[in-house]
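Got a structure here, written out as structure tokens. Questions coming.
The values are calculated or read from the model by the stated rules, or taken from the named source; none is laboratory data. Worth saying up front: this structure is predicted, and the values here are computed from it rather than measured. Ideal geometry is used to build each Cβ from the backbone, glycine not excepted, and the neighbour counts take in all protein chains shown.
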Amino acid sequence: MSKDQIKHLINRRLPEGGLVETALKGVQLFRVTDPVPCVPAVYEPTVVAIVGGTKEAVLHGEHHVYDSSRYLLCPMTLPVEAGAPAASRDTPLLGVVISLEPRMMRELAMEIEAAAGGHRTSRGATPQALALASWDVGFTQALLRLLELLDNPVDTAVLGPGRLRELCYAVLMGEAGATARRAFGVGNEIARTIDYLSSHLGEPVTIDDMAEQVGMSRAVFHRRFKEATTMSPIQFVKSMRLNNAAMKIAEGKSVTEAAWDVGYTSTSQFSREFKRMYGQSPRQWSHAAVAPSRLM
């Protein structure tokens, strides 16, 4: 019943296709009424809950398809391809995106570990890149309570942060909780490295630099990073740069500007690597691409 209520709340606020920011920072509602092919995107730490239709995220060739039976947890910044190929006016993609504030997630993860005497968190385990989790009672009720606030600006302002914290707690305690706790709790070196890389894409970076930053040997860091993201550190950096560049080109930037923005000093090298990854040259992509929604 609660899931039907959530669907009703979203339908009422978003009768037509689109992505809207709510009055509660970090919470967005979306309706997609046309098919959207999987296109390059960069996911930030996020929970995506679907109440209608099917969505897809592809990470390094691995497809994650989810609908109203499972929500998606992305605990770290990742280069993906994402879309809704099956969306239509008759069967729209309908749902909510909740940005995860790292500081809140870290505090909650550590509080949970402390309260559980250190038994709930697997120290040394590596967080998964993406996780799917069943809608349990805690998550469903927390999401409903969060969205119910949106009808009243005072409730949203006063109670919103607490309801967001409640939802984050439900995620940490749910089916994807182990992944979330490992990413945000003790032993989150890989997630912290990814945060750093995401904000320094235009700068030269080596595996030795990354390993030294988190106090690991090169070999251990390489293994842990690949376990977490399914990619080697160098593959990850390249995918992040190319995905960001593809999004910039789709939004109207020139190929040269996009290449320079993400750290390429050679446009010919950029064009070669871009075509190898996406099967099109940057210029072909610029003519064919439609600016991707932030949702995708």
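Just to be sure, is Thr156 within 20 Å of Gln28 (Cα to Cα) and in contact with a Pro (Cβ under 8 Å, 6 or more places away or on another chain)? Write out each step before concluding.
On the way: within 20 Å of Gln28 (Cα to Cα): yes; in contact with a Pro (Cβ under 8 Å, 6 or more places away or on another chain): no.
So Thr156 fails the test.
Also, I was wondering about something else. Can you give me the number of residues within region 219-262 that are touching a His at 6+ places or on another chain (Cβ under 9 Å) and over 17 Å from Gly61 (Cβ atoms)?
Residues that pass the stated criteria total 1.
Please verify whether Ala125 is at pLDDT below 85, under 30 Å from Leu242 (Cα atoms) and outside the structural domain of Gln235 (by TED's automatic domain parsing), treating the condition exactly as stated.
On the way: at pLDDT below 85: yes; under 30 Å from Leu242 (Cα atoms): yes; outside the structural domain of Gln235 (by TED's automatic domain parsing): yes.
Here the answer is yes, as Ala125 does meet what is asked.
In this structure, is Glu113 in the same structural domain as Ala170 (by TED's automatic domain parsing), more than 23 Å from Thr230 (Cβ to Cβ), surrounded by fewer than 21 Cβ atoms within 10 Å (Cβ to Cβ) and touching a Gly at 6+ places or on another chain (Cβ under 7 Å)?
Details: in the same structural domain as Ala170 (by TED's automatic domain parsing): yes; more than 23 Å from Thr230 (Cβ to Cβ): yes; surrounded by fewer than 21 Cβ atoms within 10 Å (Cβ to Cβ): yes; touching a Gly at 6+ places or on another chain (Cβ under 7 Å): yes.
It is true that Glu113 is in the same structural domain as Ala170 (by TED's automatic domain parsing), more than 23 Å from Thr230 (Cβ to Cβ), surrounded by fewer than 21 Cβ atoms within 10 Å (Cβ to Cβ) and touching a Gly at 6+ places or on another chain (Cβ under 7 Å).
Quick one: in region 228-253, of everything that is touching a residue at least 12 places away in the same chain (Cβ under 8 Å) and not in a helix (DSSP H, G or I), which residue is farthest from Pro79 (Cα to Cα)?
Checked region 228-253; the qualifying residue farthest from Pro79 (Cα to Cα) is Gly252.
Cβ contacts < 7 Å: first residue in the same structural domain as Gly83 (by TED's automatic domain parsing) and free of Cβ contacts under 8 Å to residues at least 12 places away in the same chain, restricted to region 16-34; second residue surrounded by 12 or more Cβ atoms within 10 Å (Cβ to Cβ) and in a strand (DSSP E or B), any location; separation 6+ or different chain. Result?
So the pair list comes out as Val20/Gln28; Val20/Leu29; Glu21/Gln28.
Can you tell me which residue in region 25-58 is surrounded by the most Cβ atoms within 10 Å (Cβ to Cβ), limited to those that are part of a strand (DSSP E or B) and more than 16 Å from the chain's Cα centre (by Cα)? Full working, then the answer.
Start the filter on region 25-58 by keeping residues that are part of a strand (DSSP E or B), which leaves 27-32, 36-43, 46-52, 55-58.
Keeping just the survivors that are more than 16 Å from the chain's Cα centre (by Cα) gives 31-32, 36-37, 51-52.
On the way: Arg31: 22, Val32: 24, Val36: 21, Pro37: 13, Val51: 22, Gly52: 17.
So, considering only residues that are part of a strand (DSSP E or B) and more than 16 Å from the chain's Cα centre (by Cα), the one surrounded by the most Cβ atoms within 10 Å (Cβ to Cβ) is Val32.
Next question. Is it true that Leu201 is surrounded by 16 or more Cβ atoms within 10 Å (Cβ to Cβ) and modelled with pLDDT of 85 or more? Break it down stepwise before answering.
Working: surrounded by 16 or more Cβ atoms within 10 Å (Cβ to Cβ): yes; modelled with pLDDT of 85 or more: no.
Here the answer is no, as Leu201 does not meet what is asked.
From the list Arg89, Arg163, Arg182, which one is crowded, with 20+ Cβ neighbours inside 10 Å, farther than 30 Å from Leu242 by Cβ and of a type in the set (Lys, Arg)? Steps first, answer last, please.
Working: Arg89 fails: crowded, with 20+ Cβ neighbours inside 10 Å; Arg182 fails: farther than 30 Å from Leu242 by Cβ.
Among Arg89, Arg163, Arg182, only Arg163 is crowded, with 20+ Cβ neighbours inside 10 Å, farther than 30 Å from Leu242 by Cβ and of a type in the set (Lys, Arg).
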